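Worksheet for the structure shown next.
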Amino acid sequence: SDETEEIAVQAEVLAWSQEDGRDVYQPTREVLVNPSIFRLPPGGRQIVRLGLQVPAEAVERSYRVFLRQLPRDQALPADGGAKLQTLLRIGVPIFVPPLQLRQALQWRLQAGGAGGRGYKLMLDNQGSEHIQLTQLVVRRDGGAELLRKSLSHYALAGQSAGIELELPALPPDTRLHIEAATDAPEAL
C-alpha cells in the first residue's frame, strides 16, 4: 500500500457471542462509537470513543470493535491497467465486566475435528467472565508431548468454544494431560 496517502477508516461495534463453538457477530445499539468514520494521515493517530448504553449484568457482555479501511476512489491508474487494493480490517475485543465474578470451566476432547479427522477441544465456560487461552500443551499419560500450540482463543461467558487439534490417532482408552495458559488472574 502507498503509505504517503491518508486512509479512510470505518469503526463499527458488533455484539459477540458463540454458537456451536463458532464466533457470531450481530449489529448492536448497546455500544456507540464516535467517530464512526475518520481519515487517518500517514503516521497519524485517532482517538475513538466508545459509550456503553446498557448496565452491567450478572454475566459479562462481549463485543468487538472492527476498524475497517475503506477503499479509495476506484479511478483507473494512468496506464489504464487494474489496480489492486489491500484493505485492513482489525477486530478488537471489548468486555463489560459482570456484577460478580464466577469461574467455572469444563473441558472435553472429542474426535472428528475439521473434515472428520483430528480432534476438537471443547471449552464449556459456565463462568460469568470470558477466558482467553494463550497456549495449549497435550501430553500422553507418560509425559510424551503430542502438541504444543500458541494461540489466542476465547470462550465467552456462559458459552462454548471449540479448538481444532491435530493429534495422531489415539486408542479410545488413551489418557491425556492437557495444560492450558489463560488470561485468567488465577490458575483454573
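Going by the structure shown, is residue 89 at pLDDT below 95, in contact with a strand residue (DSSP E or B) (Cβ under 8 Å, 6 or more places away or on another chain) and farther than 23 Å from residue 127 by Cα? Steps first, please.
Numbers: at pLDDT below 95: yes; in contact with a strand residue (DSSP E or B) (Cβ under 8 Å, 6 or more places away or on another chain): yes; farther than 23 Å from residue 127 by Cα: yes.
In short, yes.
For the structure I just gave you, tell me whether residue 149 is farther than 30 Å from residue 30 by Cβ and either modelled with pLDDT of 90 or more or touching a Cys at 6+ places or on another chain (Cβ under 8 Å) (or both). Walk me through how you get there before you give the answer.
Values: farther than 30 Å from residue 30 by Cβ: yes; either modelled with pLDDT of 90 or more or touching a Cys at 6+ places or on another chain (Cβ under 8 Å) (or both): yes.
For residue 149, the condition - farther than 30 Å from residue 30 by Cβ and either modelled with pLDDT of 90 or more or touching a Cys at 6+ places or on another chain (Cβ under 8 Å) (or both) - is met.
Suppose the filter is open to solvent by 70 Å² or more (accessible area, probe 1.4 Å) and polar (S, T, N, Q); does residue 152 pass it?
For residue 152, the condition - open to solvent by 70 Å² or more (accessible area, probe 1.4 Å) and polar (S, T, N, Q) - is met.
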- Using the structure shown, decide if residue 72 is surrounded by 12 or more Cβ atoms within 10 Å (Cβ to Cβ), modelled with pLDDT under 95 and not in a strand (DSSP E or B). yes
If you go through 170, 147, 151, the only one that is more than 27 Å from residue 14 (Cβ to Cβ) and in a strand (DSSP E or B) is 147
Matching residues in region 25-59 (in a strand (DSSP E or B), of a type outside the set (Phe, Trp, Tyr) and in contact with a Leu (Cβ under 9 Å, 6 or more places away or on another chain)) number 11
Residue 9 passes all but one of the listed conditions (1) over 14 Å from residue 92 (Cβ atoms); (2) over 15 Å from the mean Cα position of the chain (by Cα); (3) not aromatic (Phe, Trp, Tyr); the exception is number (1)
Listed by first then second residue, the pairs whose first member lies in region 157-184 and is β-branched (Val, Ile, Thr) and modelled with pLDDT under 90, whose partner is open to solvent by 80 Å² or more (accessible area, probe 1.4 Å) and not in a strand (DSSP E or B), with beta carbons under 7 Å and at least 6 positions apart or on separate chains, are 182/188
Listed by first then second residue, the pairs whose first member lies in region 9-24 and is farther than 22 Å from residue 69 by Cα, whose partner is open to solvent by 20 Å² or more (accessible area, probe 1.4 Å) and of a type outside the set (Phe, Trp, Tyr), with beta carbons under 6 Å and at least 6 positions apart or on separate chains, are 17/24; 18/159; 21/160
Among the residues of region 165-180, the number that are open to solvent by 40 Å² or more (accessible area, probe 1.4 Å) and under 22 Å from residue 150 (Cβ atoms) is 7
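The values are calculated or read from the model by the stated rules, or taken from the named source; none is laboratory data. Note that the structure is predicted; figures quoted are calculated from it, not measured. Cβ coordinates were reconstructed from backbone atoms using ideal geometry, including for glycine residues, and neighbour counts include every protein chain displayed. SASA here: full protein model, heavy atoms, side chains in, ligands and nucleic acids out. Shrake-Rupley method; radii C 1.70, N 1.55, O 1.52, S 1.80 Å.
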